[in-house]
Amino acid sequence: MIQIQENKNLLPYNTFGIAAQARYFCTITTEADLLELLATEVYANHRYLILGGGSNVLFVQDFDGLVIKNELKGIREVDQDDHTITLQVMGGEIWHDLVLYCVHHQYGGIENLSLIPGTVGAAPIQNIGAYGVEIKEVINQVAGIDLLTRLPRTFTNQQCEFGYRDSTFKHAWKEKFFISSVTLTLTRNQHHFNLRYGALSETLHAVQPHEVSLQMISDAVIRIRQSKLPDPAVIGNAGSFFKNPTIAPDHFEELKKQYPNIPGYQSENQQIKVPAGWLIEQCGWKGKRMGAVGVHHQQALVIVNHGAAHGQEILDLAHRITSSVQQQFQIALIPEVNIISG
């Protein structure tokens, strides 16, 4: 039987370390738990938020509703052939634990996504990606409960409508679908190593110039991320706060006349992707602190909570950053973090 808690402190459930309160809070460990919750008056009469690892949310105020914590656990091998393995992974599993499981079993495809915080259920919502790899490349399907009909539903890869840090679960199906499991198809042999990012290939070459393995790639990614990104257990943060923006080629060329060293990479639809961290750093924000909040001294994409900051303080700093980037570069930064108001 489920337990609905009242006035729950969300401090342990978000990596920003914000001490917001949830009016109601319920942990879900099975789909039966969820269906039981959906039949309650608390669910019927209040807004709700589905929470995974809390690594991509910012609580600006107390949440006057129901927080549904996804704690479904389990990894199951459902199919395999000579070259691939298909895993069904429950939504409450920790993403990095899954990566370590796959590397240990020599299943290839997500090793570049090592040490990304959060849960498996949240991964397709965000279409998480790092070092040249996105989760959409290995997702077979996403299964769960349609919160409107309360019936099981499965989304194919195509139906997920994946984009850059984007999916249908952030738009048409936002807060309408509870992700119970994600099915991934990975390689068992003949792995396709993605070493396009310079930092990754340089790190690997420094350790072992003539050999590459899943374990080595995972270790290298972990080493790079730990050297650049703060540990949320030490200082509150949600990783990259902003998406890398894309701009038109002519806009990029105009900026290049004024900023010859501006980095840019070909993106979809002939657009140029510009690193948001570079833009923020050029505006002088890197390492800057304002009271209890600030911008990390090693990675300008990361806003940090130095102490007992309120969510509104972090949001105010984010607004000041976006305003300065807009003014200097005529580029609009879009938050990657999900902003939760009361």
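The values are calculated or read from the model by the stated rules, or taken from the named source; none is laboratory data. Being a predicted model, the structure only gives us computed values, none of them experimental. Every residue, glycine among them, receives a Cβ derived from its backbone with ideal geometry; neighbour counts consider all protein chains shown.
Would the range 255-268 turn up any residue that is over 27 Å from G17 (Cβ atoms), under 22 Å from the mean Cα position of the chain (by Cα), small (G, A, S) and surrounded by 14 or more Cβ atoms within 10 Å (Cβ to Cβ)? Yes, the range 255-268 has at least one match.
Meeting the requirement of 2 or more residues that are in contact (Cβ under 8 Å) with a residue 12 or more places away in the chain, touching a strand residue (DSSP E or B) at 6+ places or on another chain (Cβ under 8 Å) and closer than 20 Å to F193 by Cβ, the strands (runs of 3 or more DSSP E) wholly within the range 73-161 are 84-90.
Here is a yes/no grid of residues against (1) among the acidic types (D, E); (2) outside the structural domain of L147 (by TED's automatic domain parsing); (3) within 23 Å of P335 (Cα to Cα); (4) assigned to a loop (DSSP other than H, G, I, E, B):
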{"position": "G17", "(1), (2), (3), (4)": "no, yes, yes, yes"}
{"position": "R23", "(1), (2), (3), (4)": "no, yes, no, no"}
{"position": "V42", "(1), (2), (3), (4)": "no, yes, no, no"}
{"position": "L49", "(1), (2), (3), (4)": "no, yes, yes, no"}
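Looking only at residues in the range 162-177 that are charged (D, E, K, R) and part of a loop (DSSP other than H, G, I, E, B), the one that is farthest from K228 (Cα to Cα) is K176.
When Q5 is tested against (1) touching a helix residue (DSSP H, G or I) at 6+ places or on another chain (Cβ under 7 Å); (2) part of a strand (DSSP E or B); (3) of a type outside the set (G, A, S); (4) without any contact (Cβ under 8 Å) to a residue 24 or more places away in the chain, exactly one condition is not met: (1). How many residues does the range 199-229 hold that are assigned to a loop (DSSP other than H, G, I, E, B), farther than 20 Å from R165 by Cβ and not β-branched (V, I, T)? Matching residues across the range 199-229 total 5.
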